[in-house]
Amino acid sequence: MNQIVEQGKTLLVVGPAAVSVISGKAEVLGFPVNDKRRVVVREGKQLPFFITEKAVFDISLSENASFEEVEGNTIPDSWTDAAELLKGFHKRPTVAMVIGRADTGKTSFCTYLVNNLVSVKQRVAILDGDLGQSDVGPPCTVAYACVTKPLIELYELKAENAFFVGVTSPSEAVDKMIEGLALMKAEIMSKPVDFIVVNTDGWVEGEGAVQYKAQLAEKLEPDIIFCIQQRNDLSPLLETIPSKKIVVESSFAVKQRSPEKRRLLREMNYSKYLVGAKVRSLPLNQLKLEEKLVWQAKQDAGKGLLLGLYGTHRKFLGIGVLQNIDQKRRTLKILTSVSATPVSVVFGKIRLNENFKETHFSGSNVAADRS
Ligand SMILES: Nc1ncnc2c1ncn2[C@@H]1O[C@H](COP(=O)(O)OP(=O)(O)OP(=O)(O)O)[C@@H](O)[C@H]1O
Ligand SMILES: [Mg+2]
């Protein structure tokens, strides 16, 4: 279906949908879409096309998809100011951290910052610390990727390395989160990048969250923190963290997702990393494992536990799903699409069924989780 949209308006498209600009010009979070490129809007996602020159769109909608036109730009002025401010930093690399509750627009804001920086030839690394709604690595990991070209979604990026945390909620793995993000940051620091943009998880309210974010800021030493605030929800955090902070707004067009939808998005993401997975038998004596967890896994058969697979030099290879521990043959049977030989396997606490759907873990109900 064709849709004509006037300059200065925004076309908001909710996926699953495919959109092409037949004529005219539009921008998605700072990414210029002015050719015949087909933009895919994934299920559960919304993309804003801001019209910079009267445009004709070709839109194909799948079930439950929709679109609407809204007046003006859905990118708040404070986002534009933030991007300009960041471009003015001379330190290399400059580290910018983004903090905000779930569904405030953290990923969109990071994408907007990245696009603004790469458009002026800056080399950017995105360090994705949003464990439950990860864009760069698989769910339950923190990961990074380097960006040199503008992009529509961080999800397009391929992780250069990742750290497997093994849960979807940072509150269950504070120390691991800090360790993982610090390790990834140290690795990025050895690369030729001008900016590091750190996205974080949406756990921001309550004493535990404030302490955790303060510790993280202390460890990662950001030069600036952008706080996406809604209704003063970040006040205690803003008071606690000593780094330079700038408050930015959440877009009026931000779209909330239910916990079920968030889980569904995560499950689609597990499937992406497990596509073509085969069962492999790995000899236990050739693997580095956390003994305590292996013992626990044996106790309850372990089937379905999410695993993180590493090669040499802490290189993350991918995820797997535990099938069983064969005591007689001393092997670990796992379902994975990783073909390289892992040298170490880390046990997660998430359990997936045969369709890669999350089941219960650690006695808590995943559906009730806001991760
Ligand atoms: N400036 C904007 N214009 C239009 N839509 C937006 C904007 N910012 C965010 N959205 C939409 O709101 C939804 C939530 O945004 P986003 O995924 O960026 O938030 P988030 O804080 O990263 O969420 P999560 O907690 O799931 O990681 C998305 O569908 C996104 O497309
Ligand atoms: Mg996000």
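The values are calculated or read from the model by the stated rules, or taken from the named source; none is laboratory data. What you see is a predicted model; the values in this text were computed from it and never measured. Glycine also receives a Cβ, built like all others from the backbone with ideal geometry; neighbour counts cover every protein chain displayed. In case anyone asks, the SASA skips ligands and DNA or RNA and just uses the protein heavy atoms, side chains included. Shrake-Rupley method; radii C 1.70, N 1.55, O 1.52, S 1.80 Å.
Points to keep in mind about this one:
- Region 62-204 shape via C-alpha gyration tensor axes, a/c threshold 1.5: oblate
- For region 77-249, the antiparallel share of DSSP beta bridges with both residues in that region comes to about 30%.
- Length-normalised contact order of region 2-71 in % [C-alpha pairs under 8 Å, at least 6 apart]: 50
- Tensor-based shape of the chain (alpha-carbon gyration tensor, a/c under 1.5 rounded, otherwise prolate or oblate): prolate
- Averaged per residue, region 273-361 has 56 square angstrom of accessible surface, using a 1.4 angstrom probe with ligands and nucleic acids left out.
- DSSP bridge pairs, the chain: antiparallel proportion in percent, nearest 5: 75
- A simple packing score, the average count of other Cβ atoms within 10 Å per residue, orders the peptides 28-36, 130-138 as 130-138, 28-36, with the highest score first.
- Taking every C-alpha pair closer than 8 Å and separated by at least 6 residues, the mean separation divided by the residue count of the chain gives a relative contact order of 15 percent.
- In this structure the amide hydrogen of Gly137, modeled in the peptide plane, comes within under 5 Å of the amide hydrogens of Ala143, none closer than 5 places in sequence on its chain.
- Accessible surface of the chain, 1.4 Å probe, proportion on carbon and sulfur as whole %: 50
- Between helix 174-189 and the chain: long-axis angle, C-alpha atoms, 0 to 90°, nearest 10: 70
- Close amide H contacts of Gly100 (hydrogens built in the peptide plane, cut-off under 5 Å, sequence separation of 5 or more or a different chain): Ile228.
- Where region 25-96 is the region considered: accessible area per residue in Å², 1.4 Å probe: 51
- Using alpha-carbon coordinates, inclination of helix 77-87 to the longest axis of the chain, degrees: 70
- Cβ charges +1 (Lys, Arg) and -1 (Asp, Glu), total dipole of the chain, debye: 1540
- Helix 106-118 vs. the chain, principal-axis angle (Cα, 0 to 90°, nearest 10): 70
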